Amino acid sequence: MKCSFLWKLIRNRIRLASRSRYLACSDCFADQGLHLDAKRLGIESSKDCSQCSSPYGRKLTKQKLLMLAKDYFETGSIRRYKYGFAPAVVFNEYNERTSLNLSPPLSKDTELLCRLLGIGFFHYGPRAWMTGNIKPLKDLQDESTRLTVIRRLFSDYPKKLFQPENVFYRLRKSPSDPTQPSEYDTAPEEKSGTQRLSNAEYPALYASEDITVCIHECRLSAEDEIYVATLVPTRSLNMLDLTALITEKGVTEFDSLDLAIHLLFLAGKHSYPITRDIAKQAAQEGYDGIVYPSYFSLLYHGERSLLTTYGLSHRRIPYFQQIEEKKSASNVVVFGRPIAEKTLEVNCINRLVIGQVTYDYCFGPVDY
Ligand SMILES: [Zn+2]
């Protein structure tokens, strides 16, 4: 008898605790993007919401509401700069008043978020390094100082040796004869174009150790006729490894060569003259090629921004460095026409069929 009373008491406590841990639900939010983000993050529960009484909305704990605020406002307001990117809106618990200029219904939704979490949203002035204000990066953009920085890469970045047991993949969209190994070599001069690390004058073959990186890089779609060649080196290849995270003692973000190279390879086509000069110099230094971080590195790992703690880059904090280094989705470029030159050998050709593509996304505000 005593035992069953105790059990009832415990059960009631658990019920009360679980009811109160849901602070809101997806139906509390009228802005469609915020509502859908809340639905994605929320938990299925038939309990009535303590805010809007809906039994249908997916329920949100304090932790889930914080994730919602971060996804919708911080990630959803990320702006790209020429080099780097940063959110335009952030929040914290020290600013309980929101200083954004929002229109209904988002203004009302935001009031609810602030009240439940004890936070305020405000416009963020990013630290200048996040928007490319890094000395070595500026020196790379200036043709008169570029070569000095490039020379540092050969002393500060490690070499990586690719041996005949290493394998990489090269994708081709609709080659005229997919059975021919020569189809997977560097494009012929008239078709080579101007790319990240090559042009007609300095040709190079692009490949990756990871097939999904190749698919991202080739911007393929389901209707494409795709073939993949498995390539192996015929001798030891001496590669410059720009995917490495280099630790620099006594250097701030503003002087960091590591961050300069990180942002350089996340930038678009305007960065190609710099990266092509790096490739040209590396070839002259006797390297066979470069291992470099893919433009899609962040997307590949489901990340949307540069990770920081109190404005410090995680790449500069020893605790995070190993994790950060592993996030580089690596690409390989081998100089010249390595299949014709017999530096690389095609040891297998397959057809590749894309079965399913999934997208991860969140919403954000338009005006604030
Ligand atoms: Zn609700």
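Only residues that are at pLDDT 75 or above and either more than 17 Å from the chain's Cα centre (by Cα) or not aromatic (Phe, Trp, Tyr) (or both) were counted across region 269-307, and they come to 25. Restricting region 41-63 to residues that are in contact (Cβ under 8 Å) with a residue 40 or more places away in the chain and more than 8 Å from the ligand (Cβ to nearest atom) leaves a set whose member that is nearest to Arg21 (Cα to Cα) is Thr61. Quick check, is Ser26 surrounded by 13 or more Cβ atoms within 10 Å (Cβ to Cβ), within 14 Å of the ligand (Cβ to nearest atom), at pLDDT below 95 and not hydrophobic (A, V, I, L, M, F, W, C)? Taking the combined requirement at face value, the residue does not satisfy it. When each of Glu325, Glu341, Glu345 is tested for being out of contact with any strand residue (DSSP E or B) (no Cβ under 7 Å at 6 or more places or on another chain) and touching a residue at least 60 places away in the same chain (Cβ under 8 Å), the lone residue that passes is Glu325.
Going by the conditions given, is Leu116 in contact with a strand residue (DSSP E or B) (Cβ under 7 Å, 6 or more places away or on another chain) and within 22 Å of Arg21 (Cβ to Cβ)? Walk me through how you get there before you give the answer.
Working: in contact with a strand residue (DSSP E or B) (Cβ under 7 Å, 6 or more places away or on another chain): yes; within 22 Å of Arg21 (Cβ to Cβ): yes.
Here the answer is yes, as Leu116 does meet what is asked.
Within region 29-40, the residues that satisfy the criterion of being open to solvent by 20 Å² or more (accessible area, probe 1.4 Å) and either farther than 25 Å from Glu74 by Cβ or within 12 Å of the ligand (Cβ to nearest atom) (or both) are Ala30, His35, Lys39.
The residue that is nearest to the ligand (Cβ to nearest atom), counting only those in region 64-95 that are surrounded by fewer than 19 Cβ atoms within 10 Å (Cβ to Cβ) and assigned to a loop (DSSP other than H, G, I, E, B), is Glu93. The lone criterion from (1) in a helix (DSSP H, G or I); (2) closer than 21 Å to Ala283 by Cα; (3) open to solvent by 50 Å² or more (accessible area, probe 1.4 Å) left unmet by Ile261 is number (3). Exactly one residue among Ala244, Ala207 is assigned to a strand (DSSP E or B), under 24 Å from the mean Cα position of the chain (by Cα) and at pLDDT 90 or above, and that residue is Ala207.
Let's see how each residue does on (1) open to solvent by less than 20 Å² (accessible area, probe 1.4 Å); (2) in contact with a strand residue (DSSP E or B) (Cβ under 8 Å, 6 or more places away or on another chain):
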{"residue": "Asp156", "(1), (2)": "no, no"}
{"residue": "Pro178", "(1), (2)": "no, yes"}
{"residue": "Thr186", "(1), (2)": "yes, yes"}
{"residue": "Glu201", "(1), (2)": "no, no"}
{"residue": "Leu205", "(1), (2)": "yes, yes"}
{"residue": "Ser236", "(1), (2)": "no, yes"}
{"residue": "Met239", "(1), (2)": "yes, yes"}
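The values are calculated or read from the model by the stated rules, or taken from the named source; none is laboratory data. Everything quoted here is computed from the prediction, not taken from an experiment. Reconstructed Cβ throughout: ideal geometry from the backbone, glycine too, with neighbour counts over all protein chains shown. Side chains included, ligands, DNA and RNA excluded: accessible areas come from the protein's heavy atoms. Shrake-Rupley method; radii C 1.70, N 1.55, O 1.52, S 1.80 Å.
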